[in-house]
Amino acid sequence: MTTAYDLLAAHPFLSGLTARHFGAVAVETTLTVAVDGPGIPQTCEQDPELGYDLTSGFIREVVQRLQATRRQLLDLPRDEA
């Protein structure tokens, strides 16, 4: 069965990306979590509730970023609601 993770990993813009492509700098005390990227699909199959939570969080973040990009492209003021 094809999962959302399979489709995402096969996406031409994302295939071949590794952890070295992403980074962050904490400016205050921060809780961080390291995950085994390639092991996520198997973990989500074993724990569907975790899989749902991860997918929901990922989708929320993607939507927020797409909306921010749209606002920038249209030069719209930010809606605080």
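The values are calculated or read from the model by the stated rules, or taken from the named source; none is laboratory data. Just so it is clear, the model here is predicted, and its values are computed rather than measured. All Cβ positions, glycine included, derive from the backbone under ideal geometry; neighbour counts span all protein chains shown.
Of all the residues in the range 54-72, those that are within 10 Å of the chain's Cα centre (by Cα), among the small types (Gly, Ala, Ser) and more than 21 Å from Asp36 (Cβ to Cβ) number 0. For the range 14-33, a residue qualifies if it is more than 18 Å from Val62 (Cβ to Cβ) and either modelled with pLDDT of 75 or more or outside any loop (DSSP other than H, G, I, E, B) (or both), and the qualifying residues are Ala19, Arg20, Val25, Ala26, Val27, Glu28, Thr29, Thr30, Leu31, Thr32, Val33.
Flag not set for Thr43, criterion: at pLDDT 65 or above, under 14 Å from the mean Cα position of the chain (by Cα) and surrounded by 10 or more Cβ atoms within 10 Å (Cβ to Cβ).
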